[in-house]
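The values are calculated or read from the model by the stated rules, or taken from the named source; none is laboratory data. Just so it is clear, the structure is predicted and the values come from calculations on it, not from any experiment. As a convention, Cβ positions derive from the backbone with ideal geometry for all residues, glycine included, and neighbour counts pool all protein chains shown. The area values use the complete protein model at the heavy-atom level, side chains included, leaving out ligands, DNA and RNA. Shrake-Rupley method; radii C 1.70, N 1.55, O 1.52, S 1.80 Å.
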Amino acid sequence: MKKWLPYLIFCAAALGVGALAGFLIREALQQSFPLLQKPPLTPPAAVFPVVWGILYLLMGIGAARVWCSDSLWRGVGLLWWAAQLAANFCWSLLFFRWQARLTAFFWLVLLWWLIFWMIRRFSQADRLAARLQLPYLVWTSFAGYLNLGVWYLNR
């Protein structure tokens, strides 16, 4: 059990942040967001919670692997992990709850850089932990397209 405890803790933390953000934006997701014009290639609404659930699990697994490593970069990697997770949480509020979509796009650019640097630091502690974050970086890039598209189509 001791071996699995970091995985449980980090996965629960990542999923918890996502669940809290989802709870705080639920009204906007149900009421105002469906009325907005969306850019081409926007996935169906049912795709988003599945993708984000997987990404939060990968974030947690990656962080646990770094935590369990004996690397000198462990602490730095986990600081980047916490920073990107906080920025991820704030993006949801900016985009959905406060409808500050252009600001959210620039915040997403910041988030992308935080993820990039988290991956760099993770790779110094545990290469697999870093590779597990690549889908997150790709999805965040796609989210940038969606974010900017929603802003442009609904200005």
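Worth pointing out:
- For segment 1-65, the list of chymotrypsin sites (Phe, Trp or Tyr not before Pro) that fall in a loop by DSSP and count at most 11 other C-beta atoms within 10 angstrom reads 4.
- Taking each residue as 0.36 nm, the span from residue 93 to residue 120 lengthens on full extension beyond its C-alpha to C-alpha distance by 7.0 nm.
- Summarising the label geometry, the points placed 7 Å from Cα in the beta-carbon direction at residue 42 and residue 128 lie 3.9 nm from one another.
- Computed helical MRE - 222 nm, the chain, DSSP H runs ≥ 4 contributing -39500 (n - 2.57), nearest 500: -26000 deg cm²/dmol
- Backbone phi angles across segment 133-149, fed through the Karplus curve with coefficients 6.51, -1.76 and 1.60 (θ = phi - 60°), yield HN-Hα couplings of 8, 4, x, 5, 5, 5, 4, 5, 4, 5, 4, x, 4, 4, 4, 5, x Hz in residue order; Gly and Pro are listed as x.
- The chain, accessible area per residue, ligands and nucleic acids excluded (1.4 Å, Å²): 57
- C-alpha center-to-center spacing [segment 1-35, segment 65-122] in angstrom: 15
- Surface share of carbon and sulfur [accessible, 1.4 angstrom probe, percent] for the chain: 71
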